[in-house]
1. If you take the residues in segment 66-96 that are over 21 Å from residue 12 (Cβ atoms) and not in a helix (DSSP H, G or I), which one is modelled with the highest pLDDT?
2. Can you tell me which condition residue 24 does not meet? The list is (1) modelled with pLDDT under 95; (2) buried (at least 20 other Cβ atoms within 10 Å of the Cβ), and all the others hold.
3. Take segment 13-52 and flag every residue that is over 19 Å from residue 83 (Cβ atoms) and not in a loop (DSSP other than H, G, I, E, B).
4. For the structure I just gave you, tell me whether residue 63 is over 17 Å from residue 96 (Cα atoms) and either under 10 Å from the mean Cα position of the chain (by Cα) or in a helix (DSSP H, G or I) (or both).
5. Can you name the condition, by its number, that residue 86 falls short on among (1) farther than 13 Å from residue 41 by Cβ; (2) free of Cβ contacts under 8 Å to residues at least 40 places away in the same chain?
């Protein structure tokens, strides 16, 4: 689905308003590839409105936004993450959604440096056992 992300991006307004969960998942997947500040609150709302699968992918999209959006957009990322954190409180800290939102929060940390903000990128734990040949 991520391969389709760029081609689906133009359809995001229609997909985010869709009654079909698959179409909303397509919008989330596109936002994982191309973060857009206009859809941060919509992504945060996915935690209460969608299945755990779609909510997890919304968390990944918020993580991407925290890592890739411009410094002047980080306040909006922080607002969206606050909404996502409220929704994940009842899940417990061990769920994939809560862990991903926590990682996004840590990646949105910014320190003022003159007129610009310097961002710290935090890498979370890797669950895969990668073996090199």
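The values are calculated or read from the model by the stated rules, or taken from the named source; none is laboratory data. Predicted model, so just to flag it, every value in this text is computed and none were measured. Ideal geometry is used to build each Cβ from the backbone, glycine not excepted, and the neighbour counts take in all protein chains shown.
1. Filtering first and then ranking leaves 95.
2. Here residue 24 clears every test but (1).
3. Answer for segment 13-52, where residues must be over 19 Å from residue 83 (Cβ atoms) and not in a loop (DSSP other than H, G, I, E, B): 13, 14, 15, 21, 22, 23, 25, 26, 29, 30, 33.
4. Numbers: over 17 Å from residue 96 (Cα atoms): no; either under 10 Å from the mean Cα position of the chain (by Cα) or in a helix (DSSP H, G or I) (or both): yes.
When the stated conditions are applied, residue 63 does not pass them.
5. (1)
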